[in-house]
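Here's the structure, in C-alpha cells; my notes come after.
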Amino acid sequence: MEKAVITFDNTQRTFHLRNETISYLMSIEEGEILSHLYFGKRMTGYHGSRHYPRYERGLSPNLAGRPGEVDRFYSKDVLPQEFAGNQTGDFRSPAIIIKSADGALATDFRYDSYEIFSGKPELEGLPQTYVKQDDEAQTLAIKLKDKTLKASVVLYYTIYADRSVVTRSTRVFNESECSFSIEKVASLQLDMPKQAMEVISFPGSQFHERQVERAPLRQGITEFSSRRGASSHHMNPFVVAVDPNTTEQTREAIGVQLVYSGNHQFTFEKDYIDQVRLVIGINEDGFSWQLAPEKSFQSPEAILVYSDKGLNGMSQTYHHLLRERVARGNHQYQDRPIVINNWEATYFDFSAKKIEAILDEAASLGIEMFVLDDGWFGQRDDDRRSLGDWYEYTSKLASGGGLRGLAEKVHAKNMAFGLWFEPEMISENSDLYRQHPDYAIHIPNRPMSLSRDQYVLDFSRPEVVENIYEQMTAILDRVPIDYIKWDMNRHMTEVYSTVLNSEQQGEVAHRYILGVYDLVDRLTKRYPDILFEGCSSGGGRFDAGMLYYFPQTWTSDSTDAAERIRIQYGTTFGYPVSSMTAHVAAVPNPQTQRITSLQTRGDVASSGVFGYELDVQQMSTEEKELVKQQVAFYKEHRHLIQYGDFYRLKDPFLSNEAAWEFVSPNGNDVLVYHFRLLASSQQNFTITKLVGLIPEGIYVDQETGEKFTGDELMNIGRYDDPTQAGDFTSQVRTYFLED
Ligand code: GLA
C-alpha cells in the first residue's frame, strides 16, 4: 500500500486523504456544496459519523429555490465548508469574493469534478513546498464552479506520505467573456466544530519578533494580519489552534503557515453556535486582481500541520518540512559558517584599515566568514542616501584595493566573504532616484511618506527589477562573494504603481512580492554557491516564503541576549534552527544597554546559526580566550544544533527560566541549554527534565563524567546549577550515549 492515499467514496461522496498519522475528510453535500468533515489523527475508515445534523435556524438562509421546495433545515450559514462563498447564505467570513462586471459581489462555488495524481504540481512564480519524487505525496485537485459568474476554482490538497502535513492552495479561473475582479481569495479555509480552543499567535515589533501569545477565542472575528507590504515583525504568518490543555509534549495542535512574504490575513471566526472557521490568504484589505477571460490566478500556498504530540510535535514537523522540502540549493544541508559582521562594530564609519583589523582578529579566533554590512556602496555614509546605487563607494575601501581587494584578503585567511544589500529600496539622494524618480512606489500628486529616510522600489514593474538585477550581477560577477545579507528596511505606503491602470492598483502589493520572488529566484539560480540570508530590520520577513530562496534569516535586530531568549524561543515554534541566525554582541548591549555575561551571550547565540557582531579588537585577552572556546564548541556541535531534533523544555514567557534541547536523530548526542532569567536572593532549586532520549540508554555528562539513564534524565530530571549569580545566567550540558 502507498503511504499517502487519497480516495473518493462514490456512495458517501466523501474524499479521504490519509497517511500513517493524519486524515483529512470532506464530503459533497446536498446542493453540491463541498463540506468539511475532519482534519486530525488518522482514521482507518469513515462511515458517516460526521454527517451534519439537519436543524432549522432562524435568520440563517437556505439554498436558493422555490418557496416550499427548499429544505429549511439546511443552511450554508452553519454548515462546515471547504470554500465558502459571499452573500449567498453564509454570513461568516468568505473564502472568495469576486466583483463581476455589473458590480455584484456574490460568489457561490459548487462541486464540479476532481482529479487525483501522485506528486505535487509546481506553483509558478511562488515559493512552495516541493517533492523530490512523485511517491512522496499525492495531490487532490477539486474543481468548484460558480455558474452565474462563469468562474471556477481549483482547490489543491497535497498530502505527504511521511509527514503530518497537508498543503493547500487555490487557483481561480475566469471562464466568462468579461474581466472580473477578485477581491479576496483564500489559500485555505478550515471549518471546525464547536470545541474548546485556544489560539497561539506570534506578534511582535522590530527588536521583539515572534513573541508567543496564547488566548481563548471569543465569539466574533479574531484577525492576525499584516498590511505592511511584508509578512512583518508585527504578526508572523503563522498560527496554532490548540486544546486548552495542550502542552509542549502532549495533546493536539494544528498549525497553519502561509508560504508568503507579503500582506497576509488569518481570520478566525467563532460563529453563533461556537463553531470555528479559519480563513487564511493574501490580506483582502487593499487587494484586488483583475482577471481577464481565460486567465487564472494562483494563491500562495498554506501549510497545515497536525500533531497529537503537543506543540513540540508540531514544531518538529515544520522544522523537517521547511528544512527538507522548502529550503533548496547548495546550502540546504550544509553546516553554516560562523560569522563576524561589522555592523554593530562600526556602523557606517569604517575604512579598509579598520575592517582589516577586525578581520585579522576574527581569523585568529577561528571565525569562518567576514560580512561587510551596510555602507560599502554609492556615497553611503549614513542611512539617508544611496540605496539603489549598487556600485562601490571607491574612496571608502580604496587603500585596501576596494571590495575585490578585501574579498581576496578574506579568502587569503581561509575565510568566506559576505556582503550586505538592500535591493528593494531607493533613497531620494541617489543616482537611481535622480534618473528614475518614478521607480519609487508613490501616488502622483500625493506627498510620499518617508521611513528610515527611504522609499520602496516599485518591484511590480519588471524593468525596475531588471535594473537592480543588472546592478547586482555586475558586482557579483566581479567580486568573489560567498554570502549575501538581503535586507529590507521599510514598509509600503501610498501603494500605487504609475504603470498600472486605475482598476489594477489593488494588485501592486502582490505584484511587488512576485517581483521580489522573481529577482531572488534568478539570483539564487545564477549564483548557486552564494549563501543568502534574509533580513528585514531584523526578522521582519521570517516566513516560509523567503526560506524557499534563502535558507537562513537574521532573527532580530535585538542582539540583547535576554531579549533574544524569548525571540528565538518563539521563532522555533514554526521555523527550523538552521534558518535562525544569532550573533554575540558587545555589552552594554547597543539596543538595551543591558549587560549580560559573554557566556550567556555565547549560549544564546550558539542556539542558532552562530556569529559575532562586535569589535573583537575591543575584547580583553580573557574574553578572546572564551570566544575561542565558544567557536570551538560551536564547530564541534553545530551539525547537531542546526540539523538535530529541537525541543523546547521551559517557557521564558511563563516562567523565570528557559530551556531547550538538541538531540541527534539517533538519540545518541544531546545538548541541553538552561537559562535563568532574573536572580533571586532566595534562589529556587529548579529541575530540567529532558525528552527524546533512549530510555534505557546510558548518557554520559561530557563535563563531569556522570552517567544517567535516558529515562532518568527524562522522568526524574537534574537540578539546574543554582550557584550562578546575577540575572540571565546560562548553563549548557552535553551528553553522549555510552558506547
Ligand atoms: C537593518 C539590519 C541590520 C543592519 C542594518 C544596516 O537594520 O537588520 O542588521 O544590517 O539594517 O543598515
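No value in this document is a laboratory result; all are computed from the given coordinates. Keep in mind that this is a model prediction, so the values were computed, not measured. A quick note on method: Cβ atoms are made from the backbone with ideal geometry, for glycine too, and the neighbour counts reach across all protein chains shown.
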Net charge near A253 (other residues with Cβ under 9 Å of its Cβ; Lys, Arg +1; Asp, Glu -1) is -1
When F224, F728 are ranked with the fewest other C-beta atoms within 10 Å first, the list becomes F224, F728
Within the stretch 1-138, pairs of Lys residues whose Cα atoms are less than 28 angstrom apart, provided they are eight or more positions apart or on distinct chains, add up to 8
Rounded to the nearest Å, the spacing of the alpha-carbon centers of the stretch 593-641 and the stretch 313-372 is 13 Å
For R42, other-chain or 5+-apart residues with amide H closer than 5 Å (H placed, Pro excluded) are I22, S23
Of the candidates S23, F91, Y157, the farthest towards the positive dipole end of the chain (Lys/Arg Cβ +1, Asp/Glu Cβ -1, centred on the Cα centre) is F91
Per the charge dipole of the chain (beta-carbon charges, Lys/Arg positive, Asp/Glu negative, Cα centre), the residue among T139, G313, H674 reaching farthest to the positive end is T139
Env charge @ W390, Cβ radius under 10 Å, K,R +1 / D,E -1, value -4
Candidate cut points under chymotrypsin sites (Phe, Trp or Tyr not before Pro) in the stretch 314-404, DSSP loop plus at most 12 other Cβ atoms within 10 Å of their own Cβ, are none
Given unit charges at Cβ for Lys, Arg (+) and Asp, Glu (-), the dipole magnitude of the stretch 26-137 about its Cα centre in debye, nearest 20, is 540 debye
The size of the Cβ-based charge dipole (Lys, Arg +1; Asp, Glu -1) of the chain about the Cα centre, to the nearest 20 debye, is 1020 debye
Footprinting proxy, F297, F653, F238: sorted fewest to most Cβ within 10 Å, the residues are F653, F297, F238
Any lysines whose Cα falls less than 22 Å from that of K413, other than same-chain ones fewer than 8 residues away, would be K353, K354, K396, K485, K624, K628, K635
Packing-ranked peptide list from 485-491, 141-147, highest mean Cβ count within 10 angstrom first, is 485-491, 141-147
Checked the chain against the a/c 1.5 cut and the a/b vs b/c comparison, axes a ≥ b ≥ c from its Cα gyration tensor; verdict oblate
One would report the antiparallel percent of DSSP beta bridges in the stretch 526-651, rounded to the nearest 5, as 10 percent
Taking the dipole of the stretch 345-487 about the Cα centre (Lys, Arg +1; Asp, Glu -1; charges at Cβ), the one of I441, Y391, F459 that reaches farthest to the positive side is Y391
In whole angstrom, the spacing between the Cα centers of the stretch 457-488 and the stretch 106-170 equals 33 Å
The size of the Cβ-based charge dipole (Lys, Arg +1; Asp, Glu -1) of the stretch 466-528 about the Cα centre, to the nearest 20 debye, is 220 debye
Rounded to the nearest 5, the percent of antiparallel DSSP beta bridges in the stretch 471-603 equals 10 percent
Within the chain, the percent of DSSP beta bridges that are antiparallel, given to the nearest 5, stands at 80 percent
Quick note on S449, S27, ordering by fewest other C-beta atoms within 10 Å, gives S449, S27
Taking Cα atoms, the helix 402-412 axis meets the longest principal axis of the chain at an angle in degrees (rounded to 10) of 80 degrees
Taking 0.36 nm per residue of separation between S179 and R384 and subtracting their Cα-Cα distance, the length gained on full extension comes to 69.5 nm
Measuring from the longest principal axis of the C-alpha atoms of the chain, the long axis of helix 352-364 (C-alpha) lies at a number of degrees, nearest 10, equal to 90 degrees
Residues other than F287 with Cβ under 15 Å of its Cβ, Lys/Arg counted +1 and Asp/Glu -1, net out at -1
With only helices counted (DSSP H, runs n ≥ 4, each -39500 (n - 2.57)), the per-residue ellipticity at 222 nm for the chain, to the nearest 500, works out to -5500 deg cm²/dmol
Given 524-537, 8-21, 696-709, 41-54, the highest-first ranking by average Cβ count within 10 Å works out to 524-537, 8-21, 696-709, 41-54
